[in-house]
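Below: the structure, in structure tokens.
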Amino acid sequence: GLINRLYSYKILTMKIKHLFITGILFAGFTLLSVQQKSSGEGSISVSVVVGDDVSPEALVGVATSEENLENSEYIFEEEADANGKITIGPLPSGTYYLDASDEYDNYGEASVTVAEGEASVTIHMSND
């Protein structure tokens, strides 16, 4: 009766403590692995221009290959700010293919290789 319930309670308490400790260890290792992954990441600082002028609010797309760029299969797509600038990231290290377009049918493409830190690229758009 009572001794069996106390014994069951003690075992249940030990299992809960074990699960709690396991959870804390799992969370700690997960955070550590996320920090380690971020060391191979960077970002892209993009400027969009038409001629000598910045192109505010141009739509910038980022793809992982030239084929994906041609098919508009982007991993990121967003408007540049009023100064024709946008920062994209974090992104894993690698080469990225970008394009930009605006409401005046201007279009341009560029590619950039991202390593740790920030890579910069300017997309020159024209109406050709």
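The values are calculated or read from the model by the stated rules, or taken from the named source; none is laboratory data. Quantities reported herein were computed from a predicted structural model and do not represent experimental measurements. Every residue, glycine among them, receives a Cβ derived from its backbone with ideal geometry; neighbour counts consider all protein chains shown. These accessible areas exclude ligands, DNA and RNA; they are computed on the full protein's heavy atoms, side chains included. Shrake-Rupley method; radii C 1.70, N 1.55, O 1.52, S 1.80 Å.
What number of residues within segment 44-70 are open to solvent by less than 10 Å² (accessible area, probe 1.4 Å) and assigned to a strand (DSSP E or B)?
7
Checking Ile86 against (1) open to solvent by 20 Å² or more (accessible area, probe 1.4 Å); (2) without any contact (Cβ under 8 Å) to a residue 60 or more places away in the chain: exactly one of these is not met. Which one?
Result: Ile86 fails condition (1) only.
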